[in-house]
Structure formats: structure tokens, C-alpha cells
1. Can you pull the one-decimal nm distance between simple spin-label points at L150 and T336, each 7 Å off the Cα toward Cβ?
2. Any idea what angle helix 494-506 forms with the longest principal axis of the chain, computed on alpha-carbon atoms, 0 to 90 degrees, nearest 10?
3. Are there any GluC sites (Glu not before Pro) in segment 397-495 that are in a DSSP loop and have at most 13 other Cβ atoms within 10 Å? List them by number.
4. Efficiency by 1/(1 + (r/R0)^6): what FRET value for L129 and N212, r their Cβ-Cβ distance, R0 = 25 Å, to the nearest 0.05?
5. In segment 435-558, if every C-alpha pair distance is counted and binned at 5 Å from zero, what percent goes to each bin?
6. Greater than 21 Å separation of Cα atoms is the criterion. Which listed pairs, K161/K234; K234/K701; K7/K64, meet it?
7. Taking a virtual spin label 7 Å from the Cα of V266 along the C-beta vector, which residues in segment 323-353 bring their backbone nitrogen under 20 Å of it?
8. Between E63 and A2, 0.36 nm times their residue separation minus their Cα-Cα distance comes to what?
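The values are calculated or read from the model by the stated rules, or taken from the named source; none is laboratory data. Because the structure is a prediction, the values reported are computed rather than measured. Here Cβ is always computed from backbone atoms with ideal geometry, including for glycine, and neighbour counts include all displayed protein chains. In case anyone asks, the SASA skips ligands and DNA or RNA and just uses the protein heavy atoms, side chains included. Shrake-Rupley method; radii C 1.70, N 1.55, O 1.52, S 1.80 Å.
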Amino acid sequence: MATQTAKFDITGMSCAACSASIEKAVCKLPGIEKAEVNLLANSMTASFDAAALDAGQIVQAVEKAGYGAAPKAERGALAAAASPAQSAGRTRSASPMAAEIAAMKRRLALSVCFMIPLMYVSMGHMVGLPLPGFLEGAENAVSFALTQLLLTLPIVLVNHKYFTTGFKTLWHRSPNMDSLIALGSTASLAYGIFALYRLSWGLGHGDMALVNHYRHELYFESAAMILTLITVGKTLEAVSKGRTGQAISALLDLAPKTALLLRDGVETEVPVEQVQLGDLLAVKPGARVPVDGKVESGQGVVDESALTGESIPVDKTPGDAVTGATVNTSGYFTMTATRLGDDSTLSQIIALVEEAGASKAPIAKLADKVSGVFVPIVMGIALVCFAVWMIVGAGVEFALARAITVLVISCPCALGLATPVAIMVGTGKGARSGILYRNAEALETLSGVDTVVLDKTGTLTEGRPQLTDLVPLEMSENELLAVTAGMEAMSEHPVARAILEGAEARGIIPQKAENFESLSGLGIRATIGGDVWLAGNARLMGDQKVPLGALQAAADGLATQGKTPMYFAKNGKLAGLVAVADLPKPGSKAAVAALRAKGLRVVMLTGDNRATAEAVRQMVGLDEAIAEVLPQDKEAEVRRLMEAGHKVAMVGDGINDAPALARADVGVAIGAGTDVAIESADIVLMKSDLGDIVTAYNLSKAVLRNIKQNLFWAFFYNIIGIPIAAGVFFAAFGLLLDPMFGAAAMSLSSVFVVTNALRLNLFRPAPVMAADSENTPPAPAPTLSTPQNGEAPKLKEAPSMEKKMTIEGMSCGHCSARVEKALNALPGVAASVDLEAKTATVKTDGNVSDEALTAAVTEAGYEVTGIQ
């Protein structure tokens, strides 16, 4: 079976009963698997067997139900088919929400223009306001009634949509909110016309008692007020709904309109739609990167905050990937276009936000079920109400007023909007924070997890080893590092890169190595200055008969800290020890602490040995570390936790994490991870910051709480409002509700739900902070003293030194962030920058010179004027 998923634009919907009717009609078609209608977005997503059904048949089913439908055009196709001017014109003029709001405002303005004089004529005399002579007295009753009718008709005509849609859906046996409005206002209007005829008969037959009775029983103002107040509510609702899509609008606004195309060294500005794969483009300072691509030459500092939420600009050099719609704050570079149109990162983000906003959360199922039968039930209640009051002898006018009030106070809209508005606002808020929810179910499920499983490499840790310890014997640290770097210069191993980066950071020039030989699984051998050097593990030293002596205990101690020790021997004699480690990311410990503070159990999966896993567990404060897990076994571990009754969120970034991400209740992919991991995940963290999982959890909790508030209000309002409208409490408390007040209450109920959902825009990610987090300078790495008199080396803390640097040239938060990043990149340095004071407070292990600090700041583009 070839399953196809298609999206459709739906027109004519006004409440949850509409969406329920459309879903019901489409789901009856043979070959349909699933149909979800989004009232807020006026759209439908349908999955169906392409061999048994096509989009045309789905459109026909929707039209048969009394609504309009059309397949949704692809964004990329639209862009490619239009010029920039046409695209801009379409954006300005064809926005469905903007057009709806404009139409509602026009209808409201015209309704109010006629409503004010109508209310003056119909009720002004009740508060002592004068009426024209031809409208006063029983003898002018017909003129009085006709004037009200003539003022009511324009309001009816301008709001004809309620009648055409309401009676159309009623005819198709799928009544909606418009049907209730149409029935209520039509009943008021019809009774007013009936009263007008009775006035004429009474005047013609001299029955002034009859005239005086019906002169005060005209319901024209009720019909007009119902339509006007409903339009007020619908206008406010449309404006509020328009705000729920601000996140998508903001993302669309990021898309660059033009690009600088480079051909034969000449820059030509072209519409971005004309850029082809492989084109060479130029990006100037202050310009947006036009499309996704790869830097070919030059360099720049790119602000990616609009897409990732990361405030610190990123340096870009040849070979680096750049993303369309990000801003090149400084520098000039050329780039090759690699992804265009719907394949671009921006388009995929927009698609994810749209899909999440259009999807339904499981909590909405109850509201959907109620909405499907709500309107027929309300119509039945109105008929019963009318009949009961007639039976007890209350009179036609009283019974009709109660039935009309029941019709117009009932609000299926509040039920229908309770979930989608909160979902759309919540997912949009997440997108602005660099958190993408693939669907509403993921957002709801995340709020209920009790266990968070973290992959170690690249998720909890940096994903690359770094030089952490140097333990020399009978030589200085710098001498040992120079030899180490010289030997590793010939290797491509990740450990070799870590040592070379450490030497470069300290300004150490590697010694020249000759006769390089790789000893598989053991280490390497090389000649430096005529001396034969060995570098490798304990097994290599044993094979070469090199005694480890006191350094074996030191190596074991480093291993228990999660570090990988490597021995160095010179001419068969041990010369020193070097250790590297894949260190936790700066915010990992704080993020884990924040998750545990919320009562979540945090577990790590790693293929490392138990000692390394335990060291990392203690370092970041995990509840449990599951070690020696093969890549293919990660999914089994997640399944084991789920079978034990846990609701699991899995966080990972690699291809080998994809099965576990798919298995978990919620899969969370780190944004810098592989495409396979991102495709398997329910939530994507664009910033690769583990602290964002805390924000995602908090946001999902806030959205679910908002949905529950909305649903409570929607059910509570209808449960209380309908009995009051029917006059249930009239005998006991004398409590009655005029149809006009019923219409006002119905309008405000929808506005309340939408406004409450908009409060989610006030959500702010809580700072992920914990003791010893990134706000606390890390303790210097332990080193070993040089053995004396044959004693074993002992661990000691490296000396800590604090310096204050005065720096010129910083003017904004981006500047201070760049300086801080440059300084913290130096080994053994923890720095914090004060932008206002133009200073940096630097803590070092005593091995970093002032020249190295100055060089780091200068390379970042700023000037050091003093160090204290």
C-alpha cells in the first residue's frame, strides 16, 4: 500500500463542530488512514492509500460536507514560480489571516454604525432619551417597528456569512456554531416581523391593548445585537489567532530576498530563487547569508541567534557550513550553495513549526468528541426549553427568549480552540528558543516523562578528546609536550589532534620526529634528536620492558577520573605521562542538576568502560551510568527502561542513537547531530545545548497546563451558561439572561481562551544554573609532582592565579562573548568578561603567560591595554 500524506486549505470553518464534521466526512472515504483538521490554521492533513484515493476525491468529500477545500501549494514551488515582486505582493495581499481580520473589521464597523441608532430607537425611551415625534406613541407603532427593521437589515446583510454557512451546514446535517447563531437571530428577526404584522392588525382594528403589548415585544434589536456582539468576539478572536502565528511570520521574514552571485569575479545581485546548487555567492558584512552553503574563501563572524537562539556569534572559515537567513556581522567570505528551497534549514524549521502547530495533542480527543455532538445537543436543549416553558404557560415571548439565549450562549468555539491555540503559541515559542517540536503529541508526552536518557559522546560531553594532564619525569612540562606533539604530528588519531591542539594553545613548537612507526593497538615509535621515543599504553611499555614504576598509580588515578593515560619512554626509560579526556560540555552538570531538581531520573548510556562511565557520572551528577553499551544495544536499554514502567525521553546526536530515539516515548536530537538522528527524533535542539532539554521540558509543562486551563474554562462555561440561559434557576433565584447578554458571553468565552493561550508568549527559559556550573570557574586540573629520592609521585592541585585584564574595543554583548570565548579556549583558563568595566577576570593554573592571554584577545579583534 502506497501511503501518501497531503495537506489541504479548508474554508468555511467557524468552530470545532466544523472541523469534527470535516474529519468525519473524510474518514468515511475508502482508503483514508487518518485525517486531522486544524481549526486555527484552517488546514487539514490527510494520510491515504494513493492507489484507492486521490486528493480530488478528498476535496469533493469536504465540499459535500458544506465546506471548501483545495490542496495546499508547496512553499518552494510558489517561490520558484514567482518573481520577488510577485512574492512580496502575495505576502502583503494574500495572507488568509490578514484578509480575514480586515473583513471582520469592516463587518464590525458597519454593524456598529447601524447598531447605535437601532439601540437608541429601541431602548432610548427607557432611559428618558427623546424620540422623534413620528416614532412616539401607540399610534406610531408601525413606524417605530419599521424603523428598527430597516436598521436591522443592513446588519443582517453584512453578516450574511452566519446565515449562508449556518443553514448550509444544517442542510448537510452537520450543524456548527454558525447554525446556532443563524437560528437564534432568525428566530428573533422572524418574531419581530410577526410582531410588526400584529401591530398593523391591532391599529387597523382599533385594538390598542394588542398594539401596546407588541410594541414592547419587538426582537429586532436582539437579532442585531446578537450578530454585532458575535462579530465583535470573532474580530477579537481573529486578531488574537493572528498573533499565535507570529513565530512562523517572523521566520518567514528572515528569508533573504536577494543574493550576490559571483561569476568571473563579478558580483551580480539576483533574486534568491534564481540561485542554483553549486553557485558561488559573496556575503558582505551586515548581510544575511542567502542560502545554506559552505565557505570557500575569506572569513566572517555569523550571528545564528535567529535560528538557534544562541547569542554568541560563530566564526566561519573555509570549509565551515553556513545557514541561510543568518547574519554575517563582520568579515567578507564567498560560499557555495549546497541546499535550496524546501531543502534549506530555514524551510525545514518553518515546516516543523507548521506541522507541530497543525497537529493534535492526545488531550484534545475529549474536546473533539464533545464538539462532534455539541451543536445538535444544544439545538435539542433549545427545543426542549421552548416546549417546557410553553407547557408551564410562560408565554411565547418568554419561551422564545429562553430558547434563543440557549442557542447563542453555547460556545463550541472555546472547545475547539482550547488546544490548537496553545499548541501553536507553544511550538512557536519553542522555535524562537531554538527548540523544534515535530508534533503536538511530542510536546504533551515530554511533560509526562520521568526518566531522561543521555548519550555520552557529543551529547553530555564535547565529543572530542582534550589534553588534560602532563606528568613529566626529569624534564619540564613544556619539554614533554614538545616531544609529545612532535611524535603525534604524524598521526591522524583523535588523541593526536588533542595533543597538538594543546601544544598550539600553549605556544609550544613540536620537535621534529623521524623514523615514525605506528604500532597497531599499542602506540607509536619515533626518533627525536637521536633518541628513540615510545608513546602508548601500558601494554606497549610492558612489551618493551619499560618499568612503569610510580607512574602506574598515577595513571590508574587518572583512569578513574575518566581520562585516557598515555606513557612516554626515552631510550627504554620512562619519561612521563600524558592524559586526554572527552570532557563534559560546560553546561552539562547544570542541566543534569536542573532535570534532577524537577524529579526526573537522569541516566547516561556509553560504550566506555565502567571506570570512565562512573567518573563521568560523578563529574556531572547523574543518577545512573550504564557502561559498555554497544551502539546496537542502546535501543534495547531504552526498551528495558520502558518495560520497567518508566516514561523515557532519549537525547542523542549520532546515527547509532537513531533506533533508541525512535524507540523512546520522546526522542530528542541535538541539533549539531547527524541528519539520521534528527529525522528519528520528536524534538530537535538547534543549539546543541543540553540546557535546552530543561527549557523544552518546562515549555511542554507550561503548554499542557495552559491547555487544561482552556478546556476547564470551555467546559465550565457551557455547563454553567446553558442552564442559566434556559431559565433553570429562574423559579428559585429569579435568574434570567437576555439573548443579547448570552451573545456577549459567547463571544468573550472564545476571546478568553485565545488570550489565555497568548500568555505563553510570556514564557521565559529559566536560567540553567547549579553549583559548580559554568558560572563557577572550573578547578585547575591536578598535576603530579616530580619524584624525588625515589618517592612515588603524589597528586597535588595546580596553583590558581587570578588576573584582571583591561580590554578596549568591546561595544556590545557579542564583543564580550567573543573575548570570553577566546580566553576560555586556552587550557587552564577560566575567564569572565565585564562589558561595562571593559575588563576580564581570568583564573589560570599558573602555566599561561600574559603573552598568551594577550594574543588570544588580539586574535579575537580587541586590544589589551593592561594586565594586573
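1. 7.8 nm
2. Helix 494-506 sits roughly 80 degrees off the main axis of the chain.
3. The qualifying sites are E474, E492.
4. 0.80
5. Calculated P(r), rounded to whole percents: 2, 9, 14, 18, 17, 10, 5, 4, 5, 6, 5, 3, 1, 0.
6. K234/K701, as the Cα separations exceed 21 Å there.
7. In segment 323-353, the label zone of V266 (backbone N under 20 Å from the point 7 Å along Cα→Cβ) covers 334-335.
8. Separation in residues times 0.36 nm, less the Cα-Cα distance, equals 19.4 nm.
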